[in-house]
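Visitor: Attaching a single structure in structure tokens format; questions to follow.
The values are calculated or read from the model by the stated rules, or taken from the named source; none is laboratory data. Not measured: the values here are computed from a predicted model. Counting neighbours? That spans all protein chains shown, and the Cβs are built from the backbone with ideal geometry, glycine included. Each accessible area value is taken on the protein alone, full model and side chains, heavy atoms only, with ligands, DNA and RNA left out. Shrake-Rupley method; radii C 1.70, N 1.55, O 1.52, S 1.80 Å.
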2 protein chains.
Amino acid sequence: MKELQQKILEEGKVLSGDILKVDSFVNHMIDPKLFMSMADEFKKRFGDKKIDKVLTLEVSGIGVAFACGVKYDVPVLFAKKTVSKTLGDDCYKSQVYSYTKGKTYDIMISKEFLKKGERVLIIDDFLANGKALEGLIDLCNQAEAEVQGIGIVIEKGFQPGGEKIRGEGYQLESLAIIDKFENGQVVFR
Amino acid sequence: MKELQQKILEEGKVLSGDILKVDSFVNHMIDPKLFMSMADEFKKRFGDKKIDKVLTLEVSGIGVAFACGVKYDVPVLFAKKTVSKTLGDDCYKSQVYSYTKGKTYDIMISKEFLKKGERVLIIDDFLANGKALEGLIDLCNQAEAEVQGIGIVIEKGFQPGGEKIRGEGYQLESLAIIDKFENGQVVFR
């Protein structure tokens, strides 16, 4: 998606350890107009697929998932990383290993909000090793919900997540795929 | 706001300790259509005030803040509760005491994203004692940004936050104000 790639080139910062900092429009400040355009783009790519629910993971996925929820006119469910007083015990739970943080954490959704046969669009901001995405897919499998598609804002194409998940047969659409970082610059696929 | 009150009566659950569980449309699953209507309502209430930026606090504030960002066509900044590799050191920081969790935590925004003179609309999902809101106001004060208004989805009117912050002269608009919980039922003001 040209508009997103342009924004990444203009405002993204490549940090050491292959980290792309896009705090100015994704991870700390959000550009709502761009996000609504991204949701339009996802809708175009997923064509006439029927979606009952958008599923994402707190925190950074919520903005773009919300935009998709508006476009599809369906509820947006965000998996939680921490237990809260209101979450209750009746949850689907999956474990996610974070390479960035070097530790495993739980992601959870309340069973009452994802039902058997519901058609789900999974949305997240970043895809690298794909561990968070696998966790979200696992939650859908536990609920016997049907993953119709997976929409990612920025995929690090040089890391294995995208290939693995596409290899499993999912329609995975990434709006920007980074081939590599070269001299501190982003090179798109 | 009638539509929101109706939804609270239909789907909200009153738990012990004066906790209102609205997980089905605010805190875990989001109803995008309702959120867009709430943003319209905020825009109506704040009238012709000019807004440059919407400020909220992760996690649950992001959805409604995003909806306001769409309606005002301005960026949405969400204050963070945890330090990340991309946040950097150049932050405004404020301390917030959480009565629910019984502890104090930091909220942070990157200095580059909130500038002197920017006109800010602060948005959050809940207002009870007002500590999170005071933290967000403090961040604006540190940045010398101008708080134009504060929009809250659900205010617990029987707790002191609303009165205190209105007493300081801020235009604070809450879409639903709860007067009390009575026999497990919500009574609106």
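Visitor: Among the numbered conditions (1) of a type in the set (Val, Ile, Thr); (2) more than 9 Å from chain B (Cβ to nearest Cβ); (3) buried (at least 21 other Cβ atoms within 10 Å of the Cβ), tell me where A:Ile62 comes up short.
Guide: (2)
Visitor: Give the residues of the stretch A:11-68 that are in a loop (DSSP other than H, G, I, E, B) and in contact (Cβ under 8 Å) with a residue 12 or more places away in the chain, sorted by residue number.
Guide: Scanning the stretch A:11-68 gives A:Gly12, A:Asp18, A:Val22, A:Asp31, A:Phe46, A:Lys49, A:Lys50, A:Ile51, A:Asp52, A:Glu58, A:Ser60, A:Gly61.
Visitor: Same structure again: For the stretch A:140-154, indicate whether the set of residues that are within 30 Å of A:Lys13 (Cα to Cα), of a type in the set (D, E, K, R) and part of a strand (DSSP E or B) is non-empty.
Guide: Scanning the stretch A:140-154, I find no residue that is within 30 Å of A:Lys13 (Cα to Cα), of a type in the set (D, E, K, R) and part of a strand (DSSP E or B), so the answer is no.
Visitor: Can you pull out every residue in the stretch B:32-88 that is farther than 22 Å from A:Ala65 by Cα and small (Gly, Ala, Ser)?
Guide: Residues satisfying the conditions are B:Gly47, B:Gly88.
Visitor: Also, quick follow-up: For the stretch B:101-128, which positions are open to solvent by less than 80 Å² (accessible area, probe 1.4 Å), touching a residue at least 24 places away in the same chain (Cβ under 8 Å), more than 21 Å from B:Arg45 (Cβ to Cβ) and within 13 Å of chain A (Cβ to nearest Cβ)?
Guide: B:Tyr105, B:Ile107, B:Met108, B:Ile109, B:Lys111, B:Phe113, B:Leu114, listed by residue number.
Visitor: Search the stretch A:155-187 for residues being in a strand (DSSP E or B) and of a type in the set (A, V, I, L, M, F, W, C), and hand back the single one that is nearest to A:Gly12 (Cα to Cα).
Guide: A:Val186
Visitor: Could you please give the count of residues in the stretch A:80-100 that are more than 9 Å from chain B (Cβ to nearest Cβ) and touching a Ser or Thr at 6+ places or on another chain (Cβ under 9 Å)?
Guide: Number satisfying all stated conditions: 7.
Visitor: Do we have B:Asp138 as surrounded by fewer than 20 Cβ atoms within 10 Å (Cβ to Cβ), touching a Ser or Thr at 6+ places or on another chain (Cβ under 8 Å) and touching a residue at least 12 places away in the same chain (Cβ under 8 Å) here?
Guide: So B:Asp138 fits the description; yes.
Visitor: Among the residues of the stretch B:18-43 satisfying the criterion of being in contact with a Cys (Cβ under 8 Å, 6 or more places away or on another chain) and not aliphatic (A, V, I, L, M), which is least open to solvent (accessible area, probe 1.4 Å)?
Guide: The qualifying residue least open to solvent (accessible area, probe 1.4 Å) is B:Phe42.
Visitor: Considering the stretch B:83-95 alone, what residues qualify as being at pLDDT 85 or above and either within 18 Å of A:Thr100 (Cβ to Cβ) or assigned to a loop (DSSP other than H, G, I, E, B) (or both)?
Guide: B:Asp90
Visitor: May I ask you to list pairs of residues, at least six apart or on different chains, whose Cβ atoms are under 6 Å apart, with the first in the stretch B:154-182 being within 25 Å of B:Lys49 (Cα to Cα) and touching a residue at least 60 places away in the same chain (Cβ under 8 Å) and the second being open to solvent by 50 Å² or more (accessible area, probe 1.4 Å) and assigned to a strand (DSSP E or B)?
Guide: Pairs found: B:Ile154/B:Phe126.
Visitor: For the stretch B:110-119, indicate whether the set of residues that are among the hydroxyl-bearing types (Ser, Thr, Tyr) and closer than 14 Å to B:Ala79 by Cα is non-empty.
Guide: yes
Visitor: Here's a follow-up. Which residues, taken from the stretch A:99-139, are assigned to a loop (DSSP other than H, G, I, E, B) and within 30 Å of A:Leu20 (Cα to Cα)?
Guide: Correct list: A:Tyr99, A:Thr100, A:Lys101, A:Gly102, A:Ala128, A:Asn129, A:Gly130.
Visitor: Right, here's the next one. Given the criteria under 18 Å from A:Val22 (Cα atoms) and in contact (Cβ under 8 Å) with a residue 24 or more places away in the chain, does B:Val83 qualify?
Guide: Answer is yes for this residue.
Visitor: Select, from B:Leu15, B:Leu9, the only residue that is at negative phi, facing chain A (nearest Cβ under 9 Å) and surrounded by fewer than 22 Cβ atoms within 10 Å (Cβ to Cβ).
Guide: The match here is B:Leu15.
Visitor: Look at A:Phe46 and say whether it is more than 28 Å from B:Met108 (Cα to Cα), at pLDDT 95 or above and buried (at least 18 other Cβ atoms within 10 Å of the Cβ).
Guide: For A:Phe46, the condition - more than 28 Å from B:Met108 (Cα to Cα), at pLDDT 95 or above and buried (at least 18 other Cβ atoms within 10 Å of the Cβ) - is met.
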